[in-house]
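Taking it in order: structure first as structure tokens, then the write-up.
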Amino acid sequence: MKVTDYLKNAGNNTLISFEVLPPLKGSGMQDIFNLLDPLMEFKPPFIDVTYHREEYIYKKQDSGYYEKTAIRKRPGTVGICAAIMHRYEVDAVPHLICGGFNREDTENALIDLNFLEINNVLALRGDALQFDSKFVPEPGGNAYALDLVKQVDDMNHGRYLDENIENGQKTDFCIGIAGYPEKHFEAPNMESDLSFIKQKVEAGADYIVTQMFFDNKKYFEYVESCRNAGIHIPIVPGLKPMTKLYQLSSIPRHFYINLPEDLVSAFLSAKTMEAKRQVGIEWCVAQSQELKAAGVPCLHYYTMGDVDTIKKIAESVF
Ligand code: FAD
């Protein structure tokens, strides 16, 4: 079933969903099952699986020179989606990115997903590679998530890259996109960022999942700005609990978001690791309860492999 159908059918109820990362290469599917098994009691209708492109590392050679080598540490998004759908009564939502794919690769990936009856995707651009100063598309690849949405939508209309294909089978992908309550870091301003969101909606995007935020006011303002800009698709809030000291700087650095001062000071005042974790859990529970009371369609949790924390939060909210 499509994510948007779940959201529609839920009426005034708030659904719950989770995002998982593929395990590191060398680990197995059991890692994902160990994470998801305890969370299935909350009956998530869909589960997102992130996509991780290659990274570059420099290996020292006998000659003393360094050789640049590409490695993919977390392959397997499509296989994991299929395994999740096979084991649980849920839909899986693979994240699909522009980076590292030319349009032919993208088309073939979508064909595989269609054959597996996976008919939800989250269409994203992806970030710049570690040593690149800006995002560089593959030759012949999509440069923005907007182009990727257009490609998926083309296939939903039976239009394939090979123009000789007549009456191509129409896929039926439900297309999610990313939204940034605190603005995407490359966007010159929120209006510009929203204008591209609007273009993605006009190109066929069906719903938005937001970047994490720790101040619900940012989400509510974002939804209002979207509505004022004529963007009327569902906007699912993405939530992540902050549970470790290093995240005080890593979260703002990686995700370009602010942490509210009340959260920061409560976190710093907590004496032990466990006490800090508790502060993060309570903050996320309070955020979730307020969003749920406001009637958001779904609460989407970034699990980051921490099943115990996410389970505690879900138990308090659902
Ligand atoms: P875009 O919509 O392409 O936007 C990128 C920037 O360009 C923005 O500043 C936008 O305002 C601007 N822009 C958009 N369209 C145009 C245009 N046509 N012309 C000029 N400027 C334009 N990354 C991964 O690698 N794997 C994942 O699994 C993953 N999952 C994610 C899940 C969520 C919910 C979120 C919020 C992010 C995720 N990301 C993931 C990160 C994402 O890839 C990055 O944030 C990336 O920098 C932007 O992706 P986007 O789809 O928002 O890009």
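The values are calculated or read from the model by the stated rules, or taken from the named source; none is laboratory data. From a predicted model like this one, the values you see are computed outputs, not experimental measurements. We place every Cβ from the backbone using ideal geometry, glycine too, and count neighbours over all the protein chains shown. With ligands, DNA and RNA removed, areas are computed over all heavy atoms of the protein, side chains included. Shrake-Rupley method; radii C 1.70, N 1.55, O 1.52, S 1.80 Å.
Considering only the stretch 219-231, state which residues are assigned to a helix (DSSP H, G or I) and open to solvent by less than 60 Å² (accessible area, probe 1.4 Å). Explain how you work it out, then say what you get.
Keep residues of the stretch 219-231 that are assigned to a helix (DSSP H, G or I), which gives 219-228.
Within the stretch 219-231, Tyr219, Tyr222, Val223, Ser225, Cys226 meet the criteria.
Taking residues in the stretch 189-208 that are at positive phi, and partners anywhere that are surrounded by fewer than 21 Cβ atoms within 10 Å (Cβ to Cβ), the pairs with Cβ atoms closer than 7 Å and at least 6 places apart or on different chains are Gly204/Asp153; Gly204/Asn156. Figure legend. Inter-residue proximity from the stretch 7-29: first residues more than 19 Å from Ile175 (Cβ to Cβ), second residues open to solvent by 20 Å² or more (accessible area, probe 1.4 Å) and not in a loop (DSSP other than H, G, I, E, B), beta-carbon distance below 6 Å, spacing 6+ or different chains. Indicated pairs: Thr14/Lys292; Ile16/Phe42; Pro23/Asp31; Met29/Ala83. Determine the pairs where a residue that is within 13 Å of the ligand (Cβ to nearest atom) and part of a loop (DSSP other than H, G, I, E, B), located within the stretch 60-87, has a partner that is open to solvent by less than 50 Å² (accessible area, probe 1.4 Å) and of a type in the set (Val, Ile, Thr) with Cβ atoms under 9 Å apart, the partner being 6 or more residues away or on another chain. Short answer, once both residue conditions are applied: Arg74/Thr50; Gly76/Val49.
Check the stretch 298-305 and report whether any residue there is open to solvent by 50 Å² or more (accessible area, probe 1.4 Å), among the polar types (S, T, N, Q) and not in a helix (DSSP H, G or I).
No - not one qualifying residue is present in the stretch 298-305.
Looking for something assigned to a helix (DSSP H, G or I), at negative phi and touching a residue at least 12 places away in the same chain (Cβ under 8 Å) - is there at least one such residue anywhere in the stretch 253-262? Scanning the stretch 253-262 turns up at least one residue that is assigned to a helix (DSSP H, G or I), at negative phi and touching a residue at least 12 places away in the same chain (Cβ under 8 Å).
Taking every residue in the stretch 162-181 that is over 17 Å from Asn120 (Cβ atoms) and open to solvent by less than 80 Å² (accessible area, probe 1.4 Å) and pairing it with any residue that is away from the ligand (no atom under 16 Å from the Cβ) and not aromatic (Phe, Trp, Tyr), at least 6 positions away or on another chain, the pairs with Cβ-Cβ distances below 6 Å are Gly168/Gly158. Here Gly126 meets each of (1) within 10 Å of the ligand (Cβ to nearest atom); (2) without any contact (Cβ under 8 Å) to a residue 60 or more places away in the chain; (3) over 16 Å from Lys2 (Cα atoms) with one exception, condition (2). Within the bounds of the stretch 130-137, is there any residue that is within 13 Å of the ligand (Cβ to nearest atom) and surrounded by 13 or more Cβ atoms within 10 Å (Cβ to Cβ)? Yes, some residue in the stretch 130-137 is within 13 Å of the ligand (Cβ to nearest atom) and surrounded by 13 or more Cβ atoms within 10 Å (Cβ to Cβ).
Could you tell me which residue of the stretch 36-49 is surrounded by the most Cβ atoms within 10 Å (Cβ to Cβ), considering only residues that are of a type outside the set (Lys, Arg) and more than 16 Å from the ligand (Cβ to nearest atom)?
Going through the stretch 36-49, the residues of a type outside the set (Lys, Arg) turn out to be 36-42, 44-49.
Cutting the leftovers down to more than 16 Å from the ligand (Cβ to nearest atom) gives us 36-42, 45.
Details: Leu36: 19, Asp37: 13, Pro38: 13, Leu39: 21, Met40: 15, Glu41: 11, Phe42: 18, Pro45: 18.
Looking at the filtered set, the residue picked out is Leu39.
Keeping to the stretch 136-161, report how many residues are among the acidic types (Asp, Glu) and farther than 16 Å from Gly126 by Cα.
The initial filter retains those residues of the stretch 136-161 that are among the acidic types (Asp, Glu), namely 138, 147, 153-154.
Remaining after also requiring farther than 16 Å from Gly126 by Cα: 153-154.
So the count comes out to 2.
Among residues that are closer than 25 Å to His52 by Cβ, assigned to a helix (DSSP H, G or I) and of a type in the set (S, T, N, Q), Ser249 is included. Being touching a residue at least 40 places away in the same chain (Cβ under 8 Å), surrounded by 14 or more Cβ atoms within 10 Å (Cβ to Cβ) and assigned to a helix (DSSP H, G or I) is a property that holds for Gln287.
Figure legend. Inter-residue proximity from the stretch 33-44: first residues under 10 Å from Ser17 (Cα atoms), second residues in a helix (DSSP H, G or I) and hydrophobic (A, V, I, L, M, F, W, C), beta-carbon distance below 7 Å, spacing 6+ or different chains. Indicated pairs: Leu39/Val307; Leu39/Ile310; Leu39/Ala314; Phe42/Ala314. Among the residues of the stretch 31-59, the one identified as at pLDDT below 95, of a type in the set (Asp, Glu) and not in a loop (DSSP other than H, G, I, E, B) is Glu55.
Please determine, by comparing only the residues of the stretch 50-62 that are hydroxyl-bearing (Ser, Thr, Tyr) and open to solvent by 60 Å² or more (accessible area, probe 1.4 Å), which one is farthest from the chain's Cα centre (by Cα).
Residues of the stretch 50-62 hydroxyl-bearing (Ser, Thr, Tyr): 50-51, 56, 58.
Now narrow it down to the ones that are open to solvent by 60 Å² or more (accessible area, probe 1.4 Å): 56, 58.
Numbers: Tyr56: 22, Tyr58: 29 Å.
Selected residue: Tyr58.
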